[in-house]
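A short worksheet on the structure shown next.
Only the coordinates and a few stated rules stand behind these numbers; no lab work does. This structure is a prediction, so every number in the text was calculated from the model and none was measured. All Cβ positions, glycine included, derive from the backbone under ideal geometry; neighbour counts span all protein chains shown.
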Amino acid sequence: MDIAEVLNHTSPDLFLSDLTATDKQSALAEMVTGLVAGTTITNNETILQMLQSRENLGSTAVGPGIAFPHGRTLAVQKLTILIARSREGIDFDSEDGKPTQLFFMLIAPPQDSGHKYIKSLAALTDKMQNTELRDKLLESADFEGFCTTLKEG
């Protein structure tokens, strides 16, 4: 799956350009609030609990500066991806101990035809290995600029 296909599962309404959260729990809550505001999804508490349970298994912040909070839940009908940034960085229990600035939250239904969830996670993980790309994404002015940079990167 290429990055353009991955971006079909997000939208400008699912882009939080600068999180105000200062810690992991408030960041998850802010992202779930953004998810509910930008979609027809209404089960925010279910999604938040699922994400917190996933984080309890091990942080989804894989460094450097990147986190992929993710999981499956009956609360959604299709793969949905929220993108968020924190210019200041948030302590998200990253493997490298550094603040996390870019977040790609993937929420998928338990039955995921075509394995879009796993393929999207893999494509994003692969793309985020590029330090120059990560720096450019932090500077993108808006959702369109972010997506253009991600596709070109």
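Overview of results
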item: Residue that is nearest to Arg87 (Cα to Cα), among those in the stretch 135-153 that are assigned to a helix (DSSP H, G or I) and of a type in the set (S, T, N, Q); result: Thr149
item: Evaluation of Leu48 against (1) within 15 Å of Phe15 (Cα to Cα); (2) in contact with a helix residue (DSSP H, G or I) (Cβ under 8 Å, 6 or more places away or on another chain); (3) without any contact (Cβ under 8 Å) to a residue 60 or more places away in the chain; (4) not charged (D, E, K, R) (one fails), failing number; result: (1)
item: Which numbered condition Ala29 fails, given (1) outside any strand (DSSP E or B); (2) in contact with a strand residue (DSSP E or B) (Cβ under 9 Å, 6 or more places away or on another chain); result: (2)
item: Given (1) surrounded by fewer than 23 Cβ atoms within 10 Å (Cβ to Cβ); (2) in contact with a helix residue (DSSP H, G or I) (Cβ under 6 Å, 6 or more places away or on another chain); (3) among the small types (Gly, Ala, Ser); (4) part of a strand (DSSP E or B), index of the condition Ala21 fails; result: (4)
item: Pairs where the first residue, in the stretch 104-118, is within 9 Å of Leu74 (Cα to Cα) and free of Cβ contacts under 8 Å to residues at least 40 places away in the same chain and the second is of a type in the set (D, E, K, R) and surrounded by fewer than 16 Cβ atoms within 10 Å (Cβ to Cβ), C-beta under 8 Å, 6+ apart; result: Ala108/Lys78; Pro109/Lys78
item: Test result for Thr42, in a loop (DSSP other than H, G, I, E, B), of a type in the set (Val, Ile, Thr) and exposed (fewer than 15 other Cβ atoms within 10 Å of the Cβ); result: yes
item: Residues located in the stretch 53-92, provided they are in a loop (DSSP other than H, G, I, E, B) and touching a strand residue (DSSP E or B) at 6+ places or on another chain (Cβ under 6 Å); result: Thr60, Gly65, Phe68, Pro69, Val76, Leu79, Phe92
item: Subset of the stretch 104-134 [part of a helix (DSSP H, G or I), surrounded by 12 or more Cβ atoms within 10 Å (Cβ to Cβ) and among the charged types (D, E, K, R)]; result: Lys116, Lys119, Lys127, Arg134
item: Residues within the stretch 135-153 that are surrounded by 12 or more Cβ atoms within 10 Å (Cβ to Cβ), over 14 Å from Ile3 (Cβ atoms) and aliphatic (A, V, I, L, M), tallied; result: 1
